[in-house]
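Inspection log for the structure reproduced underneath, given as structure tokens.
The values are calculated or read from the model by the stated rules, or taken from the named source; none is laboratory data. Given the structure is predicted, the values throughout are model-derived calculations rather than measurements. Counting neighbours? That spans all protein chains shown, and the Cβs are built from the backbone with ideal geometry, glycine included.
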Amino acid sequence: MISEKMKKLAGNNSAIRAMFEEGNRLAALYGRENVYDFSLGNPNFPAPKEVNEAAIDILQNTDPVYLHGYMSNAGYPEARKAIADSLNRRFGTSFTEGNIIMTVGAAGSLNVALKTIINPGDEVIAIAPYFVEYGNYVANFDGVLKVVNANPEDFQIDPEAIAAAITDKTKAIIINSPNNPTGVIYSEESIMKLAAVLDAAQKKFGTDIYIISDEPYRELVYDDTPVPYVTKYYANSFVCYSWSKSLSLPGERIGYLVIPSEVSDFELTFTAASIANRVMGCVNAPSLFQLVAARCVDVPTDVSGYDANRRLLYDGLTKLGFDCVFPAGAFYLWMKTPGEEAEFVANAKKYNLLLVPGKSFACPGYVRIAYCVAKETIERALPAFAKLAAEYGLGK
């Protein structure tokens, strides 16, 4: 028999992935062009040309023994230095390669951070709505996930609710900005209030409480909205990053973890995280793409396609009478369901519209619509949304 922990996970497979598989089934029946799959955050835009150029040059001109060999647990030093230098230029930080660990995507860095700090029974706060896998990541290390709702008016952090949820067992809070699934960016005011709450709690309980900032969408920002860099506001912070979205490289699984020197017991923490990176089983981030990332660290993210999709979808759905949050970042639209959530998702499927239910993000009564698709998919889907709206008497 498999482990009880994995038995539970197997029985509670991600609704996002399940909807993605449903899309494949419907596509076989009706044709891919007649299925409007908004389930998975898989970028429909190719990686910048600089990525392929860097990969080819590295393969042709780098010592293959070095390129394909073992390395430090923290990753190639030149990749870590390139990342630190870029962050310093952009955010006025003072990182060195000694603050950076290369990881297998942002998921890898989240798990490394949690493995480094979590003892069984420790509590980790997540702000709902949140990415569904956070609960699994915390459970990997026998931690306890505590869910606190965001402010329902604007989906910003609710500092009073966070303060009320903190106990002497609280070890960390995971924040995600730009946010999946709402597209909301946590303001500087929100981050400062959160930092004040955590500072007070650390003093009250005599413990270390960490912010783990999950940032795969940092570069996917519209209208020049600022995204605060949390290490500048709170010492006990980890930053988890991935190029899956910014460079359209989800399959390459390449990211990094930032541990600032100001974190408690920095040297021990960094050493422990480097070892956690190894004993996770994946050992190191992919060697080729560590070096590719170092070359492409300052390649700008072209958000124009996402922005066009954002406006087309938001304008189209709100004109039909749907209630949506206008996203400031990422590539998701968070839409309130006009009726009961499960029924609405099922009704949407009648028109080959695949939407992810809000309960998957611990926030029922909404659906997430991933607009990282071809513009034509949105254009073809809007008439289907119009039929769905008509079922609920919207737009009259």
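Miscellaneous remarks
- Verdict on residue 237 being under 23 Å from the mean Cα position of the chain (by Cα) and either surrounded by fewer than 16 Cβ atoms within 10 Å (Cβ to Cβ) or over 17 Å from residue 211 (Cβ atoms) (or both): no
- Among the residues of the stretch 199-217, those identified as closer than 22 Å to residue 166 by Cα and not in a strand (DSSP E or B) are 199, 200, 201, 202, 203, 204, 205, 206, 207, 208, 209.
- Close pairs from the stretch 72-85: first closer than 9 Å to residue 101 by Cα, partner surrounded by fewer than 23 Cβ atoms within 10 Å (Cβ to Cβ) and β-branched (Val, Ile, Thr), Cβ under 7 Å, at least 6 apart: 73/275
- Listed conditions (1) among the hydrophobic types (A, V, I, L, M, F, W, C); (2) under 11 Å from residue 371 (Cβ atoms); (3) part of a loop (DSSP other than H, G, I, E, B) are all met by residue 317, apart from (3).
For (1) of a type in the set (Asp, Glu); (2) in a loop (DSSP other than H, G, I, E, B), each residue gets a yes or a no:
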position	(1), (2)
219	yes, yes
227	no, yes
231	no, no
235	no, yes
238	no, no
241	no, no
246	no, yes
257	no, no
262	yes, yes
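- Residue 158 meets the conditions (1) in contact with a Gly (Cβ under 8 Å, 6 or more places away or on another chain); (2) of a type in the set (Asp, Glu); (3) crowded, with 20+ Cβ neighbours inside 10 Å in every case but one. The failed one is (1).
- Selection within the stretch 291-322 - surrounded by fewer than 21 Cβ atoms within 10 Å (Cβ to Cβ) and among the charged types (D, E, K, R): 295, 298, 302, 307, 311, 315, 319
- Pair list, Cβ under 7 Å, 6 or more apart: the stretch 312-338 residue free of Cβ contacts under 8 Å to residues at least 24 places away in the same chain, other residue charged (D, E, K, R): 323/336
- Single match in 380, 368 (criterion: in contact with a strand residue (DSSP E or B) (Cβ under 9 Å, 6 or more places away or on another chain), over 25 Å from residue 133 (Cβ atoms), touching a residue at least 12 places away in the same chain (Cβ under 8 Å) and of a type outside the set (A, V, I, L, M)): 380
- Contact map, the stretch 175-196: first residue in the same structural domain as residue 41 (by TED's automatic domain parsing) and more than 10 Å from residue 156 (Cβ to Cβ), second residue surrounded by fewer than 20 Cβ atoms within 10 Å (Cβ to Cβ) and polar (S, T, N, Q), Cβ cut-off under 7 Å, separation 6 or more or different chains; the map is empty.
- In the set 319, 336, only one residue is touching an Asp or Glu at 6+ places or on another chain (Cβ under 6 Å), modelled with pLDDT of 95 or more and assigned by TED's automatic domain parsing to the domain that holds residue 375; that residue is 336.
- The residue that is surrounded by the fewest Cβ atoms within 10 Å (Cβ to Cβ), among those in the stretch 166-188 that are of a type in the set (D, E, K, R) and assigned to a loop (DSSP other than H, G, I, E, B), is 168.
- Test: residue in the stretch 211-223 that is within 25 Å of residue 264 (Cα to Cα), without any contact (Cβ under 8 Å) to a residue 12 or more places away in the chain and not assigned by TED's automatic domain parsing to the domain that holds residue 309: no
- Given (1) modelled with pLDDT of 95 or more; (2) surrounded by fewer than 23 Cβ atoms within 10 Å (Cβ to Cβ); (3) touching a helix residue (DSSP H, G or I) at 6+ places or on another chain (Cβ under 9 Å), index of the condition residue 199 fails: (3)
- When each of 121, 31, 92, 75 is tested for being on the phi > 0 side of the Ramachandran plot and at pLDDT below 95, the lone residue that passes is 31.
- Scoring residue 326 on the criteria (1) closer than 28 Å to residue 75 by Cβ; (2) in contact with a Phe, Trp or Tyr (Cβ under 9 Å, 6 or more places away or on another chain) leaves a single failure, condition (1).
- Any hit, the stretch 377-393, residues being in contact with a Pro (Cβ under 6 Å, 6 or more places away or on another chain), surrounded by fewer than 19 Cβ atoms within 10 Å (Cβ to Cβ) and more than 24 Å from residue 223 (Cα to Cα): yes
- Hits in the stretch 209-250 - residues which are β-branched (Val, Ile, Thr) and within 18 Å of residue 110 (Cα to Cα): 209, 211, 212, 230, 231, 239
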